Structure formats: C-alpha cells, structure tokens
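**Q** Before we start, here is the structure in question, set down as structure tokens.
The values are calculated or read from the model by the stated rules, or taken from the named source; none is laboratory data. Predicted model, so just to flag it, every value in this text is computed and none were measured. For neighbour counting, all protein chains shown are included, and Cβ atoms are generated from backbone atoms with ideal geometry for every residue, glycine included. Accessible surface is based on the protein model in full, side chains and every heavy atom, while ligands, DNA and RNA are left aside. Shrake-Rupley method; radii C 1.70, N 1.55, O 1.52, S 1.80 Å.
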Amino acid sequence: MSEPQRTLGVIPARLASTRLPRKVLREIAGRPLLAWVVDASRACPQLDAVIVATDSEEVAELCRRHSWPCELTSPDLPSGTDRVHAVAQLHHADIYVNIQGDEPLLRPDHIAALLKPFAHPHVDVTTLKVLCTPENVANPNAVKVVTAADGRALYFSRATIPYHREHTGPAPTYWKHIGLYAFRKAALNLFPALPPSALERTERLEQLRFLENGLSLYVEPTEFDTIGVDTEADLMLAEQLLRQRI
C-alpha cells in the first residue's frame with residue numbers, strides 16, 4: 001500500500017503590499033484579515049498542517065500570539081509562489097497549497113476543490129474558477145480562464161476570452177480565475193528556476209509561466225467566489241459579506 005500524501009497549506013502574508021499596505025493586519029469584521037484566512041485553512045481536513053510565510057516580524061508576532069505556525073522568508077522574494085517554495089525547503093510535503101493571505105472569504109471548500117484533481121497522477125498544478133458575473137466579463141482585473149473538456153487550462157487572460165465574434169445565439173460561458181494554487185513538490189521546485197515567460201510579462205499573470213513550460217495545470221470549478229483585498233473598497237465589501245456570515 002502506498003504512503004498517504006502529506007499536504008501542506010502555506011499562506012504568503014507580505015506586509016509591504018503595494019496598493020494597500022499592511023492589509024493582512026487590517027481589521028475586518030473585528031479581526032485581522034489574516035485571521036480569517038488562517039481559520040478557514042485550518043478548518044480544511046485535507047490539510048495536514050498550515051504555515052504562514054511572511055516577510056515581516058510584525059506578522060510573525062501576530063502568529064506567535066495566536067499559536068499559528070510561521071516562517072520568516074526573505075522580503076526580496078518576488079511572488080507568493082516563491083514564498084511557498086521557500087517554506088517547501090524547510091517543511092516536507094507531497095502537495096503544497098498556496099493560500100493567498102488577502103482572501104478573507106476563503107472557505108475550506110476552496111481547498112478541497114483544489115486538491116480534487118490530484119487523484120490523477122499526471123496533474124502537476126491546480127487552481128480554481130468560478131462563473132464570471134456579467135459586470136466582470138470585460139473587467140481586466142477579473143482574470144478569465146478557458147479550459148479543455150477535462151479541465152486542463154488552455155489560457156488565462158485579462159481580456160474577454162472566449163471572444164464572442166458573431167454576437168448571435170447564446171453568449172459563451174465566461175469563467176473567472178480564483179488565484180489559489182496547489183502544486184506537487186516537483187512542480188513547485190521547478191517554478192523559481194524558470195525565467196518569467198513572455199506571456200507572463202505581457203499579461204502580468206504568473207500562472208502563464210506554467211503553461212508556457214508545458215506543465216499540466218488543471219482548473220477546478222467552485223460555486224463560491226472570493227475577494228482578493230487590494231483596496232479600501234475591497235476591504236469594506238469583504239467586511240460586509242463576512243458580517244452576513246457571522
């Protein structure tokens with residue numbers, strides 16, 4: 001019988017975010033934003049452990065106060081995926097889940113969906129999609145994704161894809177990408193060794209690096225949308241939605 005796979009959740013929590021500094025420490029519905037993410041992650045039974053990866057002693061102190069496992073990582077790391085990779089050098093797992101530290105509407109269901117495709121051994125990386133609302137179809141901040149019939153990602157874009165050329169008949173189904181990822185260890189170890197790809201630089205979407213280098217990236221649907229908190233308006237909307245849950 002094969003050994004069960006160890007699955008580790010990693011929450012990159014960078015303090016010096018560009019558009020909304022210190023956002024992971026901002027209070028939302030009476031608690032630090034990061035607390036909502038940690039609690040949802042720890043409520044997922046498929047994760048063997050959850051670790052916060054931060055560049056800030058202040059965030060690390062918050063983790064210590066709440067007894068959340070934490071690793072200090074270099075402030076020079078360019079992305080959350082690089083921060084997850086740094087944690088992977090210290091903590092063994094077969095699958096690593098990159099759980100964005102600015103997603104307070106995260107649910108355990110999101111993580112369960114991310115892990116589902118790993119039942120198939122050819123899957124290297126997974127992510128999520130949700131039905132795109134009409135107001136987001138043309139919004140470049142809402143990244144769209146198209147997939148093959150089996151769920152393998154074909155392309156991600158800030159543009160409206162697929163393009164409805166004839167505008168006759170029913171409109172196509174548009175899917176919005178949700179920026180949570182899970183990686184097999186080998187795929188995660190490969191990421192920092194790959195230079196940023198041409199499409200990645202053009203669209204400013206790091207997941208295109210996997211597609212351009214031939215990795216098997218699969219996209220699982222979810223019925224639950226999230227809000228990545230990047231602005232004061234995002235913070236207020238997330239608070240409103242969280243208070244409806246309480």
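**Q** One-quarter of the Cα convex hull surface for segment 128-189, in nm²?
**A** Across all orientations, segment 128-189 yields a mean hull projection of 5.2 nm².
**Q** How much accessible area per residue does the chain have, counting only protein heavy atoms and a probe of 1.4 Å, in square angstrom?
**A** I get 49 Å² per residue for this part.
**Q** If I take R0 = 35 Å and measure r between the Cβ atoms of residue 159 and residue 76 in this structure, what FRET efficiency does the formula 1/(1 + (r/R0)^6) give, to the nearest 0.05? Show your work: numbers first, answer last.
**A** Numbers: r = 32 Å, r/R0 = 0.90.
With R0 = 35 Å, the Cβ-Cβ based efficiency is 0.65.
**Q** Could you tell me which of rounded, prolate or oblate describes segment 1-60, using a ≥ b ≥ c as the square roots of the eigenvalues of the alpha-carbon gyration tensor, with rounded for a/c under 1.5 and, failing that, prolate when a/b is larger than b/c and oblate otherwise?
**A** Taking the square roots of the gyration eigenvalues as a ≥ b ≥ c, segment 1-60 is prolate.
**Q** What fraction, in whole percent, of alpha-carbon pairs in segment 178-237 exceed 15 Å separation?
**A** Result for the distance tail: 62 percent.
**Q** Under a point spin-label approximation (7 Å from Cα along Cα-to-Cβ), what is the residue 131-residue 240 distance to one decimal in nm?
**A** It works out to 2.2 nm between the two label points.
**Q** Using a 4.7 Å Cβ cut-off, which Cys residues in the chain lack a partner cysteine?
**A** 44, 132
**Q** Follow-up. If you put +1 on each Lys and Arg Cβ and -1 on each Asp and Glu Cβ, how big is the dipole of the chain around its Cα centre, in Debye rounded to 20?
**A** I would put it at about 140 debye.
**Q** Sticking with this structure for a sec: How high is the relative contact order of segment 163-244, in percent, counting Cα pairs under 8 Å that sit 6 or more residues apart?
**A** Details: 28 pairs, mean separation 12.8, N = 82.
Worked out over segment 163-244, it gives 16 percent.
**Q** Quick check: at a probe of 1.4 Å, how many percent of the accessible area of segment 66-150 sits on carbon and sulfur atoms?
**A** Within segment 66-150, the accessible surface is 54 percent carbon and sulfur.
**Q** Using +1 at the C-beta of Lys and Arg and -1 at the C-beta of Asp and Glu, which of 154, 121, 7 has the Cα lying farthest in the positive direction of the dipole of segment 1-157?
**A** 154
**Q** For the chain, what number results from the quotient of the Cα radius of gyration and 2.2 N^0.38 Å?
**A** Rg over 2.2 N^0.38 Å, computed on Cα atoms: 0.99.
**Q** Against the empirical 2.2 N^0.38 Å scaling, what ratio does the C-alpha Rg of segment 30-150 come to?
**A** For segment 30-150, the normalised Cα radius of gyration comes out at 1.17.
**Q** Also, I was wondering about something else. Around residue 184, what is the net charge, scoring Lys/Arg as +1 and Asp/Glu as -1 over all other residues with Cβ under 10 Å from its Cβ?
**A** Value of the local net charge: -1.
**Q** Summing +1 for each Lys or Arg and -1 for each Asp or Glu, what net charge is found among the other residues whose Cβ lies under 11 Å from the Cβ of residue 7?
**A** Local net charge: +1.
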